[in-house]
Amino acid sequence: MPVMKVLQVSAEIFPLLKTGGLADIAGAMPRALSAAGCEVRVLLPGFAAVLEDLQELQPGLELTAPWGQGVVVRRGRLASLDLMAYVIDAPQLYLRAGGPYQDAQRQPHADNHRRFALLSFAAAELACALDAEWQPQVVHSHDWHAALASAYMAFSRARQPLAVVSVYTVHNLAYQGLFAAELFAELGLPDSVFSVDGMEYHGQISFMKAGLSYADRITTVSPTYAREIQTPEQGCGLDGLLRARAGVLSGILNAVDESVWNPAHDPLIPFAYDARKPAGKAQCKAALQQELGLTQRSDALLFGVVSRLTEQKGLHLVLTALDAMLERGAQLVVLGSGEAALERALSDLAAAYPETLSVRIGYDEQHAHRIFAASDVTLVPSRFEPCGLTQMYGLKYGSLPLVHRVGGLADTVVDCTLEDLAEGLANGFVFAEFSQQAFERALCRSFALYARRTEWNRVRSRAMRQSLGWENAARQYVALYQDALNSL
Ligand code: ADP
């Protein structure tokens, strides 16, 4: 079979720029798809870290944005990923203080519609052979930042036949890229697109809706989330459209990049270990307790949280249960950043319980790895969770996940019920109803299993051996690309 040429379009990519799981997936997918027989290039906005990593530059490609701004698309190789990339060099749009989406005061950049429309516009131009030397067959875009690619491609296809398919992956339906209607004129799309059948959403423009309306194939990051987003409860107002497009919508479970997340070869943790030789895990726990000033107790059940601090993540359940957890001898280590009120509440509690609770506000890749390596349980009580990666990292590092049965959490974690323990299926703790009581019952199950150490070790060993790598997901994406190309 000839190689399939895939252009991956995203705002973030690990290790260059990361605010959440999207970056991990964007960073791992090119290698996984290459191993499955694709030739992958990526298109990224020219954020500083990305431009700095770009080497072996070839002559740039000139492009005029729909609003008349001239930019250059750089071509080269990303050194840290050994990957061919197109990078939009537009310093006025991408080089500024703050994060990729927000300014230093955590307000969205006022021209985000331009910053990300341009990403999609460039993708569609590449689909139309902007680069005479390389034209993709598949444009695979991720989340609202790259969602307009499908719309631009649909309308350039209307002008000229295009043998290129658009695939759009929803990593989180809650972030939609909504903008005021008057900005629509800047996007350079036909007037008909600003309609209820296009990207109009309650009088605004929705980048997410454009992706869902115009992509040839829609995927999301777990089979359960693919079903959930078709319901009014979890559809964020787009469930009707998603039901209408159910024939081209599917869920492909995210995977773990084992070159980054593997306790046997992880330069960010102090002691290596694996399922066969788990002793290093206890040493990682002792080292973290010491580093953070927690009481040095090997038998304290250590809970870990590595998370954005937002309403979605359900952490108020942990705050409410905290006293009871600590009274039972547990310890808790938190790493996160996000909503100011949650950051404050966590920091205040940490000051009150210095020997049993550690809270670090901020973003710290190394600390994240150390928490998974040291902890016994990874808490992910999310209200909703498209896939979730931290529970999978918990599994790999032998930190049994405790999760709400929703989205990808439901697809990856099996509760320690007696029957699933007996059948060797259990790998964590799952609560079904999103309530304090259900969460605390799951906590009780984790304490109960920890008291039976032989059984705990058996479950942990099984969790660590579970296959969570990319081969399966990559195979499914390739089959989906092929199917979309066959339908052209
Ligand atoms: P989401 O994409 O909703 O944030 P995921 O579980 O899919 O949630 O992915 C989160 C990713 O971000 C994981 O790689 C996790 O380790 C990482 N992460 C989250 N918060 C932090 C933080 N404060 N410091 C370091 N890594 C973090």
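Residues in segment 393-424 that are within 12 Å of the ligand (Cβ to nearest atom) and over 19 Å from F439 (Cα atoms): Y393, K396, Y397.
Residues in segment 352-368 that are more than 25 Å from Q107 (Cα to Cα), more than 8 Å from the ligand (Cβ to nearest atom) and surrounded by 17 or more Cβ atoms within 10 Å (Cβ to Cβ): T356, L357, S358.
Taking each residue of segment 301-322 that is assigned to a loop (DSSP other than H, G, I, E, B) and looking for partners that are away from the ligand (no atom under 16 Å from the Cβ) with beta-carbon atoms closer than 6 Å, six or more apart or interchain, yields L301/A330; L301/D376; L301/Y450.
All of (1) at pLDDT 95 or above; (2) within 24 Å of V170 (Cβ to Cβ); (3) of a type outside the set (V, I, T); (4) open to solvent by 20 Å² or more (accessible area, probe 1.4 Å) hold for G408 with one exception: (4).
Take the conditions of a type in the set (G, A, S) and not in a helix (DSSP H, G or I) and apply them to A132. Does it pass? Judged against the criteria, A132 is a match. Only residues that are polar (S, T, N, Q) and in contact with a Phe, Trp or Tyr (Cβ under 8 Å, 6 or more places away or on another chain) were counted in segment 208-251, giving 2. The residue that is farthest from the ligand (Cβ to nearest atom), among those in segment 1-48 that are polar (S, T, N, Q) and open to solvent by 10 Å² or more (accessible area, probe 1.4 Å), is S34. Checking each residue in segment 280-330 for being away from the ligand (no atom under 16 Å from the Cβ), open to solvent by less than 60 Å² (accessible area, probe 1.4 Å) and among the β-branched types (V, I, T) picks out only T295. Looking at segment 414-435 only, could you name the residues that are open to solvent by 50 Å² or more (accessible area, probe 1.4 Å) and touching a residue at least 24 places away in the same chain (Cβ under 8 Å)? Correct list: A432, F434.
Could you please let me know if L349 is of a type in the set (A, V, I, L, M), more than 12 Å from the ligand (Cβ to nearest atom) and either not in a helix (DSSP H, G or I) or not assigned by TED's automatic domain parsing to the domain that holds L319 (or both)? Considered against the rule, which asks whether it is of a type in the set (A, V, I, L, M), more than 12 Å from the ligand (Cβ to nearest atom) and either not in a helix (DSSP H, G or I) or not assigned by TED's automatic domain parsing to the domain that holds L319 (or both), L349 comes out as no. Counting only strands (runs of 3 or more DSSP E) that fall entirely inside segment 147-226 and contain at least 1 residues that are out of contact with any His (no Cβ under 8 Å at 6 or more places or on another chain), hydrophobic (A, V, I, L, M, F, W, C) and within 16 Å of the ligand (Cβ to nearest atom), the qualifying elements are 165-170.
The values are calculated or read from the model by the stated rules, or taken from the named source; none is laboratory data. Everything numeric in this text was worked out from a predicted model, so none of it was measured. Cβ: placed from backbone, ideal geometry, glycine included. Neighbour counts: every protein chain shown. The protein model used for the area step is the full one, side chains on, heavy atoms only, and it has no ligands, DNA or RNA in it. Shrake-Rupley method; radii C 1.70, N 1.55, O 1.52, S 1.80 Å.
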